[in-house]
Amino acid sequence: MNFAVSLTALSTVICSAAEVEILHDQGKAAIEASASIKKLAGGFKFVEGPVWVPKDGGFLVFSDIPANELKQWKEGEGVSVFRLPSKNANGNTLDLKDRLVTAEHSARRISFTTRKDNIKTVVDEHDGKKFNSPNDVVVKSDGSFWFTDPDYGLPKDATKEMPGNFIYRFDGTAKTTTVLVKDFDKPNGLCFSPDEKRLYIADSGKPHHIRVFDVAPDHTLVNGRVFCVIQPGGPDGIRCDAAGRVWSSTGNGLQVFSPEGTLLVKVNTPEAAANLCFGGKDGKTVFITARTSLYAIETKTQAAPRPTAP
């Protein structure tokens with residue numbers, strides 16, 4: 001066999017691999033098989049936590065964790081600095097008033113931003129102990145904050161005060177924090193189902209799976225079970241779309257699952273994906289933070305409706 005010829009053939013196969021693989025008929029409602037990935041920006045250190053902010057014509061905020069920056073991307077304008085320093089921010093979301101809510105590693109807190117120069121602490125401790133390094137956060141329709149707290153981003157000179165890596169709920173009205181689940185290895189991304197009756201939580205540690213819990217009327221999580229296992233790599237950022245499908249980052253892109261846990265679609269990205277969100281003018285663009293770059297792909301769906309203040 002001619003080695004040079006065989007290597008060329010292999011390269012051709014790899015380069016021609018489909019960016020979108022529809023694995024089940026249900027996946028056709030989520031994205032076109034012909035959809036292509038667009039690189040919006042690159043040259044970052046490690047990007048995470050994208051969130052679409054609908055005000056001022058709409059723009060994307062995302063984290064460059066090692067660079068200690070929050071970045072902003074806007075169509076026609078490209079990337080600019082949104083906040084520096086960011087306290088090594090990771091996950092971002094919006095609260096009911098459209099304020100930016102951020103999980104900050106080095107500050108070991110959840111914060112919200114009213115203006116670029118006005119950042120307030122939401123919560124930074126439980127029972128007198130500092131959190132490890134909050135990773136991702138979501139806001140429920142009652143205004144409560146639900147977040148994961150692995151020790152990935154714990155500063156090297158800091159002491160771990162929590163006895164484990166837990167999932168929490170913070171009630172901003174009552175000013176109370178509750179530990180919801182204690183048996184995750186490295187709890188990471190999380191998202192509610194569209195009706196908020198389920199909470200999905202990624203474990204990017206040894207299990208490499210997403211678990212789903214029923215949300216009880218008293219705000220506890222019950223009936224926890226494995227929703228899916230992610231390969232290659234593991235789950236990090238996850239989002240639910242309006243139809244209840246779960247979109248997860250993976251070691252080679254994104255995977256989309258039905259509400260029953262059936263794998264429907266694979267989206268292959270040039271770099272390992274860390275997180276994603278829906279946004280854009282029609283809400284159907286999926287923005288992907290992948291190692292050193294920001295990518296986007298058009299879909300046929302939108303994010304699960306986001307709760308707003310009455």
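Laboratory data are not the source of any read-out in this text; all were calculated from the coordinates shown. All values derive from a computational prediction rather than experimental measurement. Glycine gets a Cβ as well: all are built from the backbone with ideal geometry, and neighbour counts include every protein chain shown.
Brief remarks on what is shown
- Scoring 20-29, 269-278 by mean Cβ neighbours within 10 Å over their residues and listing the highest first yields 269-278, 20-29.
- Recomputing Cα extents along the principal axes in Å from the coordinates shown identifies the correct label among (i) 69, 37, 34; (ii) 68, 42, 42; (iii) 59, 52, 40 as (ii).
- Rg to Rh quotient for region 164-255, alpha carbon positions, Kirkwood Rh: 0.98
- Protection proxy ranking, highest mean first, for peptides 228-236, 192-200: 228-236, 192-200, where packing is the per-residue count of other beta-carbon atoms within 10 Å, averaged.
- Crossing angle, helix 3-15 versus the chain [Cα axis fit, 0-90 degrees, rounded to tens]: 50 degrees
- Over the chain, DSSP H runs of length four or greater, each weighted -39,500 (n - 2.57), average out per residue to a 222 nm ellipticity of -1500 deg cm²/dmol.
- Value of Rg to Rh for region 60-124 (Rh from inverse mean 1/r over Cα pairs, i.e. Kirkwood): 0.95
- Three semi-axes of the equivalent ellipsoid, region 211-310, Cα gyration tensor, whole Å, largest first: 23, 18, 12
- Sites VAL81 and GLU298, calculated FRET efficiency, Cβ-Cβ separation with R0 30 Å, nearest 0.05: 0.65
- Computed over the chain, relative contact order equals 17 percent, with contacts defined as Cα pairs under 8 Å that lie 6+ residues apart.
- Angstrom value of the Kirkwood radius, inverse mean 1/r, which spans all Cα pairs in region 100-188: 13.1 Å
- The aspartates and glutamates whose alpha-carbon is closer than 12 Å to the alpha-carbon of LYS71, local same-chain residues fewer than 8 away aside, are GLU48.
- Descending by average beta-carbon neighbour count within 10 Å, the peptides 259-266, 134-141 line up as 134-141, 259-266, the highest first.
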